[in-house]
Each structure stands twice: as C-alpha cells, then as structure tokens.
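A.B. asks: This is the structure I have questions about; it appears just below.
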Amino acid sequence: TNSFTSYQGSLSAYAQFVGLTAEHENNTQEGINDLSGLFNLRLIGHTIQGSYLAVHYGQRTRNITANQVRLNQQFAQGSIQLYLTKYFGFDGLYRYYIPTNELTLGDISGNLSEGGAFIDFKNFRIFGAWYKETTIYNNSGVETNTNRAGIKTGLKIFF
C-alpha cells in the first residue's frame, strides 16, 4: 500500500435549490490532476448549511501524467447532509462514474463513496471524511482495479 498526499478545492454557487460546482484535485505523487464540473439539484432542504438531500450530474477531466492521457468521464452523484445539533452533523455522497472508453486505457468505470462529520462555526466548517474511489480499467480483456482510500480533512467557508 502506498501513501500519497492530494490537494483539493471546490467552489459552489446556489440560486435557491439549484447550483453549480467546480472541483479541482492535484495529486502530483500519483500523477493525477482532476477538474470536475457539477450541476446540483437540492431535492430536500432549504439551505446548503442545513440538512438536505441532493442529486448531481457532472463531468470529470482527469489528466494522468504517467501515460499522457486525458480522460473525460461523466458521472451521477447523490449526497446527503444531516445536522444533529445546530453546529454538528454528518454528510456523505456516492458518485457513479459512467463507463467510457479511452484509446490507451480501454474501458473505464468506477465509483466514489465518502462519509464524514463536521462542526460549523458561523461561516466556517471544519470537516473530516473517509473516502474510497474505485476505478476499473478493462483493456483488451485484462481488468485492473485501482483503489484510492483515505481520510480528508479541511476547512470550508460559506458566504
């Protein structure tokens, strides 16, 4: 098992119950650079800093430096956030990467699961989450599974 450090950032904007999100992940140790865009639809809940259930649709562009590949992959996602007290809660998501084909890598599919807890301090949130991302490559009948799992921690700012 190898250990890598990854840096992530995202920016979201909402108008009532619909929103857009841009995400970026840079993992130079693994040679992966992701840029994703999502359309968000909040089905239940009134605010992003409240309990809610949402669905998302988006596209990830993954640049893999080892073999100079640029992979565009669409995905569907569901997310939930549940406040247990005024300032503390849990959240989670499941993302399904729609199977696609890339000339060098072959058929590619996968998913991402994430679950965590957070504490809010007015417009600031400190969070921690466990995640697991599975990618399945099938190139000419040879299947390779790649699992990335770990802990995310960070700070979110709401304004």
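The values are calculated or read from the model by the stated rules, or taken from the named source; none is laboratory data. Source: prediction; values computed, not measured. All Cβ positions, even for glycine, are placed from backbone atoms using ideal geometry, and neighbour counts span all protein chains on display. Each accessible area value is taken on the protein alone, full model and side chains, heavy atoms only, with ligands, DNA and RNA left out. Shrake-Rupley method; radii C 1.70, N 1.55, O 1.52, S 1.80 Å.
A.B. asks: In a shell of Cβ-Cβ distance under 12 Å around Asn27, excluding Asn27 itself, what net charge do Lys and Arg (+1) and Asp and Glu (-1) give?
C.D. replies: Charge balance in the 12 Å sphere: -2.
A.B. asks: With springs connecting C-alpha atoms under 10 Å apart, model the chain as a Gaussian network and identify which of Asn101, Asn147, Asn123 has the largest mean-square fluctuation.
C.D. replies: Fluctuation is largest for Asn123.
A.B. asks: Which one of Ser79, Ile32, Tyr94 is farthest out on the positive end of the charge dipole of the range 1-130, using unit charges on Cβ (Lys, Arg +1; Asp, Glu -1) and the Cα centre as origin?
C.D. replies: Ser79
A.B. asks: Under unit Cβ charges (Lys, Arg +1; Asp, Glu -1), what dipole magnitude, rounded to 20 debye, does the range 23-159 have relative to its Cα centre?
C.D. replies: My answer is approximately 500 debye.
A.B. asks: Suppose every Lys and Arg Cβ carries +1 and every Asp and Glu Cβ carries -1, with no other charges. What dipole size does the range 111-159 come out with about its Cα centre, to the nearest 20 debye?
C.D. replies: That gives the range 111-159 a dipole magnitude of about 280 debye.
A.B. asks: Hey, another quick one. With a 1.4 Å probe and all protein chains left in place, how much of the accessible area of the chain comes from carbon and sulfur atoms, in whole percent?
C.D. replies: Here it works out to 59 percent.
A.B. asks: When only DSSP loop residues count, what trypsin sites (Lys or Arg not before Pro) in the range 1-101 have their Cβ near at most 15 other Cβ atoms within 10 Å?
C.D. replies: Lys86
A.B. asks: Along the charge dipole of the chain, Cβ charges K/R +1 and D/E -1, which of Gly19, Ala66, Ser109 sits furthest on the positive end?
C.D. replies: Of the listed residues, the answer is Gly19.
A.B. asks: May I ask you to rank Ser12, Ser109, Ser3, Ser36 by accessible area, largest first, using a 1.4 Å probe over the protein chains only?
C.D. replies: Ser3, Ser12, Ser109, Ser36
A.B. asks: By what distance, in whole Å, do the Cα atoms of the chain stretch along each of the three principal axes, largest value first?
C.D. replies: The principal-axis extents, from largest down, are 52, 30, 22 Å.
A.B. asks: Another question, then. Rounded to the nearest whole Å², what accessible area per residue is found for the chain with the 1.4 Å probe?
C.D. replies: Accessible area per residue: 62 Å².
A.B. asks: Also: For the range 32-88 and the range 108-149, compute the distance between their C-alpha centroids and round to whole Å.
C.D. replies: Centre-to-centre (Cα) distance: 11 Å.
A.B. asks: Two decimals is fine: what is log10 I(q)/I(0) at q = 0.26, 0.27 Å⁻¹ for the range 98-141, from a Debye sum with one equal scatterer on every Cα and no solvent?
C.D. replies: Once normalised to I(0) and log-transformed, intensities are -0.88, -0.91.
A.B. asks: May I pose another question? Mind ranking Lys156, Lys122 by accessible surface for me, highest first, 1.4 Å probe?
C.D. replies: From most exposed to least exposed: Lys122, Lys156.
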